[in-house]
1. Which of the residues belonging to the range 40-62 are under 23 Å from Asp12 (Cα atoms), out of contact with any Leu (no Cβ under 9 Å at 6 or more places or on another chain) and either hydroxyl-bearing (Ser, Thr, Tyr) or in contact (Cβ under 8 Å) with a residue 24 or more places away in the chain (or both)?
2. Condition (residue is within 17 Å of the chain's Cα centre (by Cα) and closer than 16 Å to Val16 by Cβ) applied to the range 99-120: is it met by at least one residue?
3. Name every residue in the range 40-63 that is surrounded by 15 or more Cβ atoms within 10 Å (Cβ to Cβ), modelled with pLDDT of 95 or more and in a helix (DSSP H, G or I), in order of residue number.
4. Kindly check whether there is at least one residue in the range 43-51 that is closer than 20 Å to Ile124 by Cα and touching a helix residue (DSSP H, G or I) at 6+ places or on another chain (Cβ under 9 Å).
5. Could you tell me whether Val127 is within 21 Å of Val17 (Cα to Cα), aliphatic (A, V, I, L, M) and out of contact with any Ser or Thr (no Cβ under 8 Å at 6 or more places or on another chain)?
6. Being surrounded by 14 or more Cβ atoms within 10 Å (Cβ to Cβ), hydrophobic (A, V, I, L, M, F, W, C) and either in a helix (DSSP H, G or I) or without any contact (Cβ under 8 Å) to a residue 60 or more places away in the chain (or both) is the filter here; which residues of the range 3-39 pass it?
7. Which one of the conditions (1) without any contact (Cβ under 8 Å) to a residue 24 or more places away in the chain; (2) in contact with a Ser or Thr (Cβ under 9 Å, 6 or more places away or on another chain); (3) under 16 Å from Gly121 (Cα atoms) does Lys65 fail to meet, given that it meets all the rest?
8. Among (1) touching a residue at least 40 places away in the same chain (Cβ under 8 Å); (2) within 26 Å of Gln8 (Cβ to Cβ), where does Ala108 come up short?
Amino acid sequence: MPEFLQKQVEMDYESVVKRVQEALEAEGFSVMLTKGIHEIFEKKLDIKGYPKRTFILGCAAPLAKMALDVSVHTGQLMPCSFFVYEEDGNVFVTHTSIMKAAVILDLAPEDKMQPVIEETGKRIGKVWDRI
């Protein structure tokens with residue numbers, strides 16, 4: 001089963017989004033995209049007041065290379081994503097291990113992905129601890 005992480009953060013929404021971005025960068029990840037889904041819904045669907053939801057996509061080039069060297073199909077799951085959302089006045093951050101998902105989805109062999117899963121887990125763990 002993919003590892004699913006979730007935590008409530010006692011900060012305002014925008015500060016949590018910024019904290020996730022800073023945590024990624026502090027651990028050597030590039031922040032590739034930060035996009036508010038609620039903003040897209042407002043612009044494209046004319047839905048005002050939709051609950052705040054933001055994707056933050058990050059990539060650590062050495063980890064991406066490790067995974068792609070095992071199987072080109074792991075690229076379908078990249079980059080690492082974090083999801084920030086607001087619910088009943090509380091702000092949460094979630095993350096799911098994409099490298100574990102690659103094995104479950106049969107995109108890469110488990111034995112060859114194990115070192116990638118372990119290294120990714122260590123690096124994401126450090127990011128998670130900073131959030």
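The values are calculated or read from the model by the stated rules, or taken from the named source; none is laboratory data. Because the structure is a prediction, the values reported are computed rather than measured. We place every Cβ from the backbone using ideal geometry, glycine too, and count neighbours over all the protein chains shown.
1. Listed by number, the residues that qualify are Tyr50, Pro51, Lys52, Arg53, Thr54.
2. Scanning the range 99-120 turns up no residue that is within 17 Å of the chain's Cα centre (by Cα) and closer than 16 Å to Val16 by Cβ.
3. Phe41
4. Start the filter on the range 43-51 by keeping residues that are closer than 20 Å to Ile124 by Cα, which leaves none.
No, the range 43-51 has no match at all.
5. Yes; evaluated as a whole, the condition is true for this residue.
6. Matches in the range 3-39: Val16, Val17, Val20, Ala23, Leu24, Val31, Met32, Ile37.
7. Lys65 satisfies every listed condition except (2).
8. Unmet for Ala108, out of (1) touching a residue at least 40 places away in the same chain (Cβ under 8 Å); (2) within 26 Å of Gln8 (Cβ to Cβ): (2).
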